[in-house]
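Take a look at the structure below.
The values are calculated or read from the model by the stated rules, or taken from the named source; none is laboratory data. Just so it is clear, the structure is predicted and the values come from calculations on it, not from any experiment. When we count neighbours, we look across all protein chains shown, and the Cβ atoms used for this are built from the backbone with ideal geometry, even at glycine.
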Amino acid sequence: MGKSLKWLIVLILAGGMLAGCKRMNVPGGEINFRASSAPLSTKTAYSGERNTESGVVKERIDWLEGDEITIWSDKARMMYDETRQAGDYVFTSVEADGVRSRGKIVSSIGNGLQWTSATGTYTFYCRYPSDGTKINGEKMLGEIPASQVIQYDAETGAMKPDMQYAYLFAGTTAPANAASVTLEFRPVFTALEFEVGGGGDGQVDLTSFTITSTTDAVTGAFELSCASGNVTVTGTPGLSASLDFSQIPGGKLTVTGAAPVTVTIFAVPKDLKNLTLEVKGDQIQTRTLKLANKNGSFLTFDACKKYRILGLSLPELLKAEGEDIDWDIQAIGETLIWD
């Protein structure tokens, strides 16, 4: 993907040719695509720009240069290859406004989709990240891993989630020889973003950070029906997702009260229920947090949305005598209390 996270798109797709192949005799020539995410939906790099829509705060996710998508069609075929009905496209430039991220894209192999008839209606389905074998007109496949690497920038010290798991899908129809075809992307994943601090002047070196459900899939393989948009978790679902700190120097996530950090865990595009967070660190014992409201009832995190859990304070092991430890955190308007 051009690699990173925040909420979304208009793209222009173009193609070229593959040398040594015979060109198709197509009535309308190459198809021009324009793609736009649903306003304030989700994609590769989180922008940090938030807007309120119908009382809900949403964050734009931006395309990045180098991101790739796959476009499939029931009738269109790749230029010079009448057997192929899907092609990969890459972003060569991007821009964003308040609610959308837009970019110009071209065929990644110089061979774009072509109209094959001057009449009729064409169907198009699209997948991010690109993988021509994982969208076929019937379903789009994806998989959220149980262990998720935090990507670390050695020059800046910035830490980001792996946006290859921020799956997006678009589907539309268009008449033959339309001047352009618009694809509107929507998220096909669920995300929990945690802001973690060391508490006061404390420092904690985290060695483990895991969310677990007692009942529902958090990770694993899934498929989305292209026609209906319904999602099914396939195979054996995973009930836990953990952050992998291996790319961070020392293999530990250091947090302090003065400089909290933000980490994100991706989950399958299904509602998340009965969740518990467990953290371990060098200066603290294992701590567990039931993601529940103040009455003790588990919160439900709706599918295909991003939730921000703020004020997660992990005090150092040695505290000033008599100092109170406040284990409360705020999440989507509720107070969560450590066990």
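Among the residues in segment 194-214, are any under 22 Å from Phe301 (Cβ atoms), in the same structural domain as Thr276 (by TED's automatic domain parsing) and not in a strand (DSSP E or B)? There is at least one residue in segment 194-214 that is under 22 Å from Phe301 (Cβ atoms), in the same structural domain as Thr276 (by TED's automatic domain parsing) and not in a strand (DSSP E or B). Quick one: which residue in Arg127, Arg100, Arg186 is touching a Leu at 6+ places or on another chain (Cβ under 6 Å) and basic (Lys, Arg)? Just a single option satisfies the conditions, and that option is Arg100. Regarding Thr214, is this residue over 27 Å from Asp62 (Cβ atoms) and either touching a residue at least 60 places away in the same chain (Cβ under 8 Å) or not aromatic (Phe, Trp, Tyr) (or both)? So Thr214 fits the description; yes.
Okay, residues lined up against (1) buried (at least 19 other Cβ atoms within 10 Å of the Cβ); (2) assigned to a strand (DSSP E or B); (3) outside the structural domain of Phe209 (by TED's automatic domain parsing):
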position	(1), (2), (3)
Thr92	no, yes, yes
Gly103	yes, yes, yes
Asn111	yes, no, yes
Ser117	no, no, yes
Leu141	no, yes, no
Gln148	yes, yes, no
Glu155	no, no, no
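Of the residues making up segment 132-153, those that are over 30 Å from Leu253 (Cβ atoms) and not hydroxyl-bearing (Ser, Thr, Tyr) number 9.
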